Structures are given as C-alpha cells and as structure tokens.
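Enquirer: Here it is: the structure, laid out below.
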Amino acid sequence: MLVLRTLADLHAACADLRRGAEPLALVPTMGALHQGHRALVRAAMASGAATVASIFVNPRQFAADEDLTRYPRDEAADLEALRAEGCALVWLPDMTTMYPHDEATTITVTGPAQHWEGAVRPGHFRGVATVCAKLFGQVRPDRAYFGEKDWQQVQVVKRMVADLLLPLRIVGIETVREADGLAMSSRNRFLSAEQRTQAPMLIAALRDVAARLAAGETTPAPLADAHAALQRQGFAVDYLALVDGETLSPLDSATPGARLIAAARLGTVRLLDNIAAA
Ligand code: PAF
C-alpha cells in the first residue's frame, strides 16, 4: 500500500493505477477509522476499483465553537486498517497542499445543504463541499464512496458533483451499526459508559416513527412524540424530521424515498442518524 503526502507523488501513482485499466475509487475520510469506513473501502474494492483512501481532518468544516483539536487522530491504526482492507493507496495531504495561502475559491451548495446540519452548523457544508472538490481534483476518481450515516452530506456532495458536471459518481453506502443499533461514528468513543447505554435510543426513536408512518399516521404527532421521548431520556435534540431523501425538504407524509433524519446531543457528544421512512 502506497502512503503518499505530496501531490507530485499522488499524481504519478494515480496515473499508474489508471494504466492498470481498473476504475479508480476514492474513499474520503478524516481518519479515526471504524468499521463504517472499512465498509466503504470494502465496497469500493468489491466494485473492482483500485481504491485510494484519503485522510485529512478538514478544519474548514468545523465551526469555531466545535473542538477541532479534540477530533480523534490515530494515523498508525488508520494505515493498519486500510492495509488490512487491501487499499492501494493512502493520500495524506497537509494543510498547505489543501489550502494554498492565496486561495480565493470556496464552494457553496444551497438546496439540500440549507436545512438541518446546514442550519445547526453554518459553514459546515461549505467546508465539506470545498474539501471534497479539492480531493476529487487531486485524485480524479471515477467514483467516490461516502457513508449514509451522514445522509445529508451524501446528498450535498451528489448535488455539487451534478451541478459542477464533475466526471465521477458518488456512491452512498449503508450505515454500519453496533449490535444494539448505534450507528458507528468516530465520536462514539467520547460517550461515557452511561451515555453509551442511552445512545441507541436515537435509532430506536427513528424506528418507532417509521413504524407509525408505515401504519398510516402522518406528521407531526409521531415526530413530536419521539422528540419528547428523546428529551426525557436525556438527549438535547437538534432536529428530528421527515424529509425528501434527495432535496432534504421537510415532508408531511412518507412518500417514496422519504428519510427520517435526526441529530441529538448526549452531553458534549453529537449523534447523527437516519433511516428510510417509506
Ligand atoms: O465524512 C467525513 O469524514 C468528512 O466530512 C469528509 C467527507 C471526509 C470531508 O472532510
């Protein structure tokens, strides 16, 4: 597995991989890899692509009040995990490579980026879209793999790729869960023992809403009940909503493709989850 840190090395190695006539897949990550990331690499490999994973903790997608320095970093363990999955190349750009001092361009996505994470974390999706565009330009993959735990992020990146006519396909991969249903996340390690027992209540609440919608109920009662139940269980709920799976616009009833999305905090740990609503 190649571990590269300069653009010149990356471009040469990607050209070699492309000469192998396999498609090139990119798995963009911020490191602290868990089984969810490994599933992305496995899906890329299973598709027959030569797989590049990137690790870059992107400061531009953290707000001033979000603790960037607390974001978990373990390069040695990440490289071990990627090697074990058979990744061809790991791209480890530094800050200057990603953000040259005189850069004048950022990418703003509206549409699916406006609500939910976009509202709670202003500037977050600008940071995500800009870094993803840069990674796509650096690696020039045929497709890129993203975890559906960050459902809105997948839709935002898809929309950017469509709008900018970028020549790659975005592939969303189903959320990997712990045995009790908790969606895997790099931030789960910050949960205390008590919070870890509470955390699966988020997916339980979403499943409860989905069951009520499937039984013919319409919003807002199932959403309001789930919201109240989570609050009683100690969550501070940022949002819990029924949305169109592509545009992220709020919906009243579970039309095909609808998604239930939620973000809620347990202490300082913010949990995100989503499931199909129809
Ligand atoms: O999902 C993430 O880990 C990040 O938002 C991404 C896509 C790697 C961009 O920094």
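Enquirer: Name the single residue that is farthest from the chain's Cα centre (by Cα) among those in segment 158-170 being part of a helix (DSSP H, G or I) and more than 13 Å from the ligand (Cβ to nearest atom). Can you show your working first?
Expert: Taking segment 158-170 as the starting set, the residues that turn out to be part of a helix (DSSP H, G or I) are 158-163.
Now drop any that are not more than 13 Å from the ligand (Cβ to nearest atom), which leaves 159, 162-163.
Details: Arg159: 14, Ala162: 18, Asp163: 20 Å.
Result: Asp163.
Enquirer: Kindly check whether there is at least one residue in segment 146-153 that is surrounded by 18 or more Cβ atoms within 10 Å (Cβ to Cβ), in contact with a Gly (Cβ under 6 Å, 6 or more places away or on another chain) and over 27 Å from Gln114 (Cβ atoms).
Expert: No, that holds for no residue.
Enquirer: Are any of the residues in segment 63-71 modelled with pLDDT of 95 or more and in contact with a Gly (Cβ under 9 Å, 6 or more places away or on another chain)? Before you say what the answer is, go through the steps one by one.
Expert: In the first step, residues of segment 63-71 are kept if they are modelled with pLDDT of 95 or more; the result is none.
No, that holds for no residue.
Enquirer: I've got another one for you. Within segment 259-272, identify whether any single residue is closer than 22 Å to Ala119 by Cβ, charged (D, E, K, R), part of a loop (DSSP other than H, G, I, E, B) and under 19 Å from the mean Cα position of the chain (by Cα), and answer yes or no.
Expert: Scanning segment 259-272 turns up no residue that is closer than 22 Å to Ala119 by Cβ, charged (D, E, K, R), part of a loop (DSSP other than H, G, I, E, B) and under 19 Å from the mean Cα position of the chain (by Cα).
Enquirer: I'm trying to understand the selection: among the residues of segment 181-203, which are part of a loop (DSSP other than H, G, I, E, B) and touching an Asp or Glu at 6+ places or on another chain (Cβ under 7 Å)? Spell out the reasoning first.
Expert: Kept after step one, since they are part of a loop (DSSP other than H, G, I, E, B), are these residues of segment 181-203: 181-182, 184-185, 191-192, 199-200.
Answer for segment 181-203, where residues must be part of a loop (DSSP other than H, G, I, E, B) and touching an Asp or Glu at 6+ places or on another chain (Cβ under 7 Å): Met184, Pro200.
Enquirer: Separate question: How many of the residues making up segment 100-117 are surrounded by fewer than 16 Cβ atoms within 10 Å (Cβ to Cβ), within 30 Å of Thr6 (Cβ to Cβ) and out of contact with any Ser or Thr (no Cβ under 7 Å at 6 or more places or on another chain)?
Expert: 7
Enquirer: Kindly provide the set of residues from segment 78-121 that are closer than 22 Å to Ser186 by Cα and of a type in the set (Phe, Trp, Tyr), ordered by number.
Expert: Trp91, Trp116, listed by residue number.
Enquirer: Further, regarding this structure: Please enumerate the residues belonging to segment 204-242 that are part of a loop (DSSP other than H, G, I, E, B) and polar (S, T, N, Q). Don't jump to the end; show me each part of the working.
Expert: Keep residues of segment 204-242 that are part of a loop (DSSP other than H, G, I, E, B), which gives 215-220, 233-235.
Listed by number, the residues that qualify are Thr218, Thr219, Gln233.
Enquirer: Could you check segment 1-101 for strands (runs of 3 or more DSSP E) lying wholly inside it with 2 or more residues that are of a type in the set (A, V, I, L, M, F, W, C) and within 15 Å of the ligand (Cβ to nearest atom)?
Expert: Counting at least 2 such residues, we get 24-29, 50-55, 89-91.
Enquirer: Exactly one condition in (1) within 11 Å of the ligand (Cβ to nearest atom); (2) surrounded by 21 or more Cβ atoms within 10 Å (Cβ to Cβ) is not met by Val139; state its number.
Expert: Result: Val139 fails condition (1) only.
Enquirer: For segment 16-35, give me the residue count where each residue is among the hydrophobic types (A, V, I, L, M, F, W, C), modelled with pLDDT of 95 or more and surrounded by fewer than 15 Cβ atoms within 10 Å (Cβ to Cβ).
Expert: We begin by selecting, within segment 16-35, every residue among the hydrophobic types (A, V, I, L, M, F, W, C); these are 17, 21, 24-27, 30, 32-33.
Narrowing the set further to residues that are modelled with pLDDT of 95 or more leaves 24-27, 30, 32-33.
Applying the additional criterion that residues be surrounded by fewer than 15 Cβ atoms within 10 Å (Cβ to Cβ) yields none.
Residues that pass the stated criteria total 0.
Matching residues to (1) outside any helix (DSSP H, G or I); (2) of a type in the set (Lys, Arg); (3) more than 13 Å from the ligand (Cβ to nearest atom):
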position: Val131; (1), (2), (3): no, no, no
position: Ala144; (1), (2), (3): yes, no, no
position: Asp150; (1), (2), (3): no, no, no
position: Val156; (1), (2), (3): no, no, no
position: Gly172; (1), (2), (3): yes, no, no
position: Ala179; (1), (2), (3): yes, no, yes
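Enquirer: For segment 102-123, how many residues meet the condition of being over 19 Å from Leu240 (Cα atoms) and within 11 Å of the ligand (Cβ to nearest atom)?
Expert: The qualifying residues number 0.
The values are calculated or read from the model by the stated rules, or taken from the named source; none is laboratory data. Here the structure is a predicted model, which means the values were calculated and not measured. All Cβ positions, glycine included, derive from the backbone under ideal geometry; neighbour counts span all protein chains shown.
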